[in-house]
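A.B. asks: Below you will find the structure I want to go over with you.
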Amino acid sequence: MGCEIELKIPVTENEFLRIFNTICDGSKNVGEGKACDDSGVADGACTGAKAGTSGTDLHFTFPELLFKSDEYYSQYKTHEERLKKEPRVIRIRTEENRGLFGENCTPSEKTGLGEKNNSALESFPDFSSYQEIKKWIFEQKDVLPSQKTAAGTERKQSGNLEERSNDSPNSHQASAFFTIKTKDIRNGVEFNNEEETAVEDAEVLRSFFAKTGFECWFRKEKIAFSSHCTVFQGTPLSDNDCSARDAAPSEVGLDKSECNQEVEQLSFHLELEIINSELTYLEIEYTENDAQPEFIRAQLENLVRRLGLNPAKKDSRSWVQIINGDK
C-alpha cells in the first residue's frame, strides 16, 4: 500500500477509442505532431509533444478487462462530518478480472473471454468507434462482479505480464478488497495514502458495518481496461516543466540543474474507464515511493500530453462530486 499519486481526466468518445488503440499497439513512440496547449484543442488534433522535442517511448502491457463495484461507508450523514471525523474513503470493492488481451487486443489464450467462449478468439471485433467497444463490453455479461467473493492477489503494483496472468488462474473469480484512504489535492492531482487488504468474504464486513452504525452512502460501478505503461530512459521533460522549474525550483522539490537530465524509467498504471455506464475517463497513477511527489506529478502531466490529451482538463473532484454533477 502506501502513497499513490493519481490523475484523472475526462475523455471524449474519440479520445477513448484512440487511447484504447494506443494501448493495444503495445509499444509506441508517441509525440510527433501538433502539441497540446492549455487552451484546449479539437478532439484528436494533438499528439502531445512540444515542437522540437523527441517523441516518448511508451510501452504498454496488454490490457485486462476489469469490472469493479465500489461501496462507500460512513457513520455520518453529512459530507462535512465525514471529512472532519473519518478517513476520506472507507470502501469495499468487489472486482472481477475478465482476463488479459493478447496482441492487438484480441483475447489471449489465458483470458476468461476465451475460456468462456472459444469462438471469442476468432470473433473479437475490430473496433472503429467507442460505441462499438461499449456495445461489445455489455454483450459479454455478466457485467457486474459476482456476489460471491474470494481473497485476491495484490493489484496494480506489478506490470509484469506473466506474474499478473499466473496470479489469477480463474479470471472470472471475483475478489473483494477493503480500503481506507486519505487524500490531498495539489494542482489538480491526487496524493493518496491508502491502506488496502484482500477480504475473503465481504458479507462479513457488511454485517459488521450494519451492526456498528455504518451505512453505505455511495456506490460506483467501473468498467476498466487496465494496463501498465513504462516510460523509458531518454524522455525529456516538457518545456513547460523546465520553465516552471527555472522560475521556482524550490516549489517542485528539485534542483533546476536536473531539468535537462534524462528521466529515469518510470512505470504508471492506466485505467481507461466507463463509470456508471456513461462517464468516460482516463486514470493514471504512480504507486512507488522512490521519487519526489512533485516530480511524479510533472511526469503524470507529461504522460497525459504524450497521449494526446490536455492536462489542464484534469478533474480534481471526487467521484461523488463527478457523478452527482457538483462543481
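A.B. asks: Amide H of E4 versus every other amide H placed in the peptide plane: which residues, excluding those fewer than 5 positions away on the same chain, fall under 5 Å?
C.D. replies: N192, N193, E194
A.B. asks: Right, next: Could you check how much of the accessible area of region 267-327 is carbon and sulfur, as a whole percent, using a 1.4 Å probe?
C.D. replies: Carbon and sulfur together cover 40 percent of it.
A.B. asks: Grab the Cα-Cα distance for C216 and C3, subtract it from 0.36 nm times how many residues apart they are, and report the gain in nm with one decimal.
C.D. replies: Gain on extension, C216 to C3, equals 74.1 nm.
A.B. asks: Also, quick follow-up: Got a number for the accessible area of K68? Probe 1.4 Å, square angstrom, nearest 10.
C.D. replies: Spelled out: K68, probe radius 1.4 Å, area about 10 Å².
A.B. asks: For G26, enumerate residues with amide H under 5 Å from its amide H, sequence gap 5+ or separate chain, H modeled in the peptide plane.
C.D. replies: Here the answer is F60, since their amide H atoms fall under 5 Å of that of G26.
A.B. asks: Can you tell me the FRET efficiency between K77 and N14 if r is taken as the Cβ-Cβ distance and R0 is 35 Å, rounded to the nearest 0.05?
C.D. replies: 0.25
A.B. asks: For the pair F208 and S277, what calculated FRET efficiency results from E = 1/(1 + (r/R0)^6), where r is the Cβ-Cβ distance and R0 = 35 Å, to the nearest 0.05?
C.D. replies: Step by step, r from the Cβ atoms, then E = 0.70.
A.B. asks: Using θ = phi - 60° and the Karplus relation 6.51 cos²θ - 1.76 cosθ + 1.60, list the HN-Hα couplings for region 15-21 in order, rounded to whole Hz, with x at every Gly or Pro.
C.D. replies: The phi angles translate into 5, 4, 4, 5, 5, 4, 5 Hz.
A.B. asks: What are the ³J(HN,Hα) values, in whole Hz, obtained from phi via the Karplus relation 6.51 cos²θ - 1.76 cosθ + 1.60 with θ = phi - 60°, for each residue of region 126-132 in sequence order, with x given for Gly and Pro?
C.D. replies: Along region 126-132, the couplings run 8, 5, 10, 7, 4, 4, 5 Hz.
A.B. asks: With each pseudo-label sitting 7 Å past Cα toward Cβ, what's the Q265-D315 distance in nm, one decimal?
C.D. replies: It is 3.4 nm.
A.B. asks: How far, in nm, would the chain grow between K135 and A198 when pulled straight, counting 0.36 nm per residue and subtracting the alpha carbon separation?
C.D. replies: Contour length minus the Cα-Cα distance gives 19.6 nm.
A.B. asks: Now for a separate question. Using label points projected 7 Å from each Cα along Cα→Cβ, tell me how many nm separate T230 and N289, to one decimal.
C.D. replies: Inter-label distance under the simple model: 2.4 nm.
The values are calculated or read from the model by the stated rules, or taken from the named source; none is laboratory data. Predicted, not measured: the structure shown is a model, and the values here were computed from it. Here the Cβ is made from the backbone with ideal geometry for all residues, glycine too, and neighbour counts use every protein chain on show. In case anyone asks, the SASA skips ligands and DNA or RNA and just uses the protein heavy atoms, side chains included. Shrake-Rupley method; radii C 1.70, N 1.55, O 1.52, S 1.80 Å.
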